[in-house]
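What follows is a short report on a single structure.
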């Protein structure tokens, strides 16, 4: 796990500059993301390409695994961020084809795989990655991002140069960009979205889309989609054993490390499954660890505190030791600017702050690798409130006789009223743009504080995607859209930046592409039925986890008492300074006076996104944004 940087020049741009000029740029970029790799600092200059690398040593701690890394004859150079979990399985085949290894790293597997298989090498990888290769002989630049976009790859391009990095802040060190993408700002303010459409909050800075390769040859840039969800050739009717085996194998692979590995534990079923599998793998000696620490964020006395559930999970895992922290409102005000700068782009809620503080504590305990339960909800129907309408819509079209009984069961399990479920079903029939705008106007009340100018220039950008096919499959289509476009990327963004700010690598067994693909090769009712979310997972682990965990349908996950924090004296003072600052008052994207009145009457606006307003304002200040 590392940080990568680079510049590729076009048409002899800056060709007369000496090596120190180019090296200085790489040093600036590397320094900007030093937190991603405190164990090594590498630079490669060979005009027209410049590569930088910050190393977090996890696999093969020797200098042989340092980067930028070269093949045997130094004709190909690599800078890589991520982990190829199945690298050991790929080595024998590469050796049999004549490749010689100088290290025991997964980085070198990428190099030799590219030599052997070209751009298709990524199809053999099981992992998370963002890398760039420069093929010196062919004068080809090749970059790739993993299937789901776990690892970031940002870039800026114009007629003179292509600049890339693991974080936008490094690009800003060598390119003066102070304008925001106002459309992305609108979608965040109005709806809370950070969509995966290739654009970022910074104008002219883009991100390579997940599952995509980028090739530059003779200054011509081309993008190739190497992976996407495909319609299944056949539906797997009994996937239980397959899923069970894959989960154990995925956790086992993600324990491959030359440094200790811990887990991130909430009181939910997903991280509880990871904890239980870890415990059993230790007992069976399928992983070498004898004891594993489980880190949690808890909020005693808060309605959504998960202390009790965490204790129940740990009581059944003899090889796990728990460690807990309680982030506070004072923490938020103390770290506010550093946190927001570190995230790079605005984040949805203060749950990401709890994650950020937890990563800081994990770093203090000299832990470099942590497993979590991310990805289960998105693939296996965990967000019951949001998927219920699509599930019921499919029943209405395909199985109308069971519509009423399903609604009754969902109402009982998820504590949703009949009128609420009917509303969710009607919502599922409408286009996403219309639904989002209604929520902005009627529920969150953000529309009344956003300027008409920003609304008019941005509203139509958000695609009006509809999932209302009479043949069914609406739930499946909605979930795929959530993973590839609307919600999943937002979570992966904050988790990557949050963990890497503290030099911690986050690994997610549920995001193994084999498990994700399996999830869309089974019937919906295996995942969600009669109000039971993640049904197959509950069945598989009903005898391994406490009933209070597998029978709990409440979705939390590091939910913070932000409403309480907002009323605390130090937070009140901080918020007042923000809302009365010249920067806040001068913005043309919102109505400052109206926002201040809403903050003064918070009880009358229970769904108003107070955090998003504060986050965006501080973000604009720490990044010196000038066009808002």
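The values are calculated or read from the model by the stated rules, or taken from the named source; none is laboratory data. On a predicted model such as this, the values are computed, not experimentally measured, just so you know. Positions of Cβ are generated from backbone atoms using ideal geometry, with glycine treated the same way; all protein chains shown enter the neighbour counts.
Tabulated data for the structure shown
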read-out: Search result, residues across the range 215-253 that are out of contact with any strand residue (DSSP E or B) (no Cβ under 8 Å at 6 or more places or on another chain), surrounded by 11 or more Cβ atoms within 10 Å (Cβ to Cβ) and part of a loop (DSSP other than H, G, I, E, B); value: 219, 227, 228, 229, 232
read-out: Residue 130 vs. criteria assigned to a strand (DSSP E or B), under 21 Å from the mean Cα position of the chain (by Cα) and crowded, with 23+ Cβ neighbours inside 10 Å; value: yes
read-out: Subset of the range 596-621 [surrounded by 12 or more Cβ atoms within 10 Å (Cβ to Cβ) and over 21 Å from residue 194 (Cβ atoms)]; value: 596, 597, 598, 599, 602, 605
read-out: Residue among 164, 141 that alone is assigned to a strand (DSSP E or B), modelled with pLDDT of 95 or more and crowded, with 23+ Cβ neighbours inside 10 Å; value: 164
read-out: Residue ranges of helices (runs of 4 or more DSSP H) in the range 374-437 with at least 2 members farther than 30 Å from residue 266 by Cβ and more than 29 Å from the chain's Cα centre (by Cα); value: 384-398, 403-414, 418-429
read-out: Qualifying position, being more than 31 Å from the chain's Cα centre (by Cα), free of Cβ contacts under 8 Å to residues at least 60 places away in the same chain and either farther than 15 Å from residue 133 by Cβ or not assigned by TED's automatic domain parsing to the domain that holds residue 258 (or both), among 89, 63, 19; value: 19
read-out: Matching residues in the range 167-181 - criterion: being surrounded by fewer than 21 Cβ atoms within 10 Å (Cβ to Cβ) and either farther than 16 Å from residue 624 by Cβ or in contact with a helix residue (DSSP H, G or I) (Cβ under 6 Å, 6 or more places away or on another chain) (or both); value: 169, 173, 174
read-out: Evaluation of residue 589 against (1) free of Cβ contacts under 8 Å to residues at least 12 places away in the same chain; (2) touching a helix residue (DSSP H, G or I) at 6+ places or on another chain (Cβ under 6 Å); (3) farther than 30 Å from residue 240 by Cα (one fails), failing number; value: (1)
read-out: Number of positions in the range 446-458 that are touching a residue at least 12 places away in the same chain (Cβ under 8 Å) and surrounded by fewer than 18 Cβ atoms within 10 Å (Cβ to Cβ); value: 6
read-out: Residue match in the range 514-527 (condition: farther than 25 Å from residue 395 by Cα and crowded, with 18+ Cβ neighbours inside 10 Å); value: yes
read-out: Lone unmet requirement of (1) in a loop (DSSP other than H, G, I, E, B); (2) closer than 20 Å to residue 400 by Cβ for residue 464; value: (2)
read-out: Subset tally (residues that are in contact with a helix residue (DSSP H, G or I) (Cβ under 6 Å, 6 or more places away or on another chain) and in contact (Cβ under 8 Å) with a residue 24 or more places away in the chain) for the range 40-49; value: 2
read-out: In the range 97-127, the residues that are out of contact with any helix residue (DSSP H, G or I) (no Cβ under 7 Å at 6 or more places or on another chain) and part of a loop (DSSP other than H, G, I, E, B); value: 98, 100, 104, 125
read-out: Selection count where residues are out of contact with any helix residue (DSSP H, G or I) (no Cβ under 7 Å at 6 or more places or on another chain) and in a strand (DSSP E or B), scope the range 201-214; value: 4
read-out: Exclusive hit being part of a loop (DSSP other than H, G, I, E, B) and more than 26 Å from residue 279 (Cα to Cα), set 625, 595, 578; value: 625
read-out: Leading residue by the ranking (farthest from the chain's Cα centre (by Cα)) among those in the range 197-207 that are surrounded by fewer than 21 Cβ atoms within 10 Å (Cβ to Cβ) and more than 15 Å from residue 619 (Cα to Cα); value: 204
read-out: Flag if residue 589 is over 30 Å from residue 416 (Cβ atoms), surrounded by 20 or more Cβ atoms within 10 Å (Cβ to Cβ) and modelled with pLDDT of 95 or more; value: yes
read-out: From 82, 37, 98, 52, residue being free of Cβ contacts under 8 Å to residues at least 40 places away in the same chain and either surrounded by 17 or more Cβ atoms within 10 Å (Cβ to Cβ) or not assigned by TED's automatic domain parsing to the domain that holds residue 250 (or both); value: 98
read-out: Test: residue in the range 578-585 that is under 30 Å from residue 384 (Cβ atoms) and either touching a residue at least 12 places away in the same chain (Cβ under 8 Å) or in contact with a strand residue (DSSP E or B) (Cβ under 9 Å, 6 or more places away or on another chain) (or both); value: no
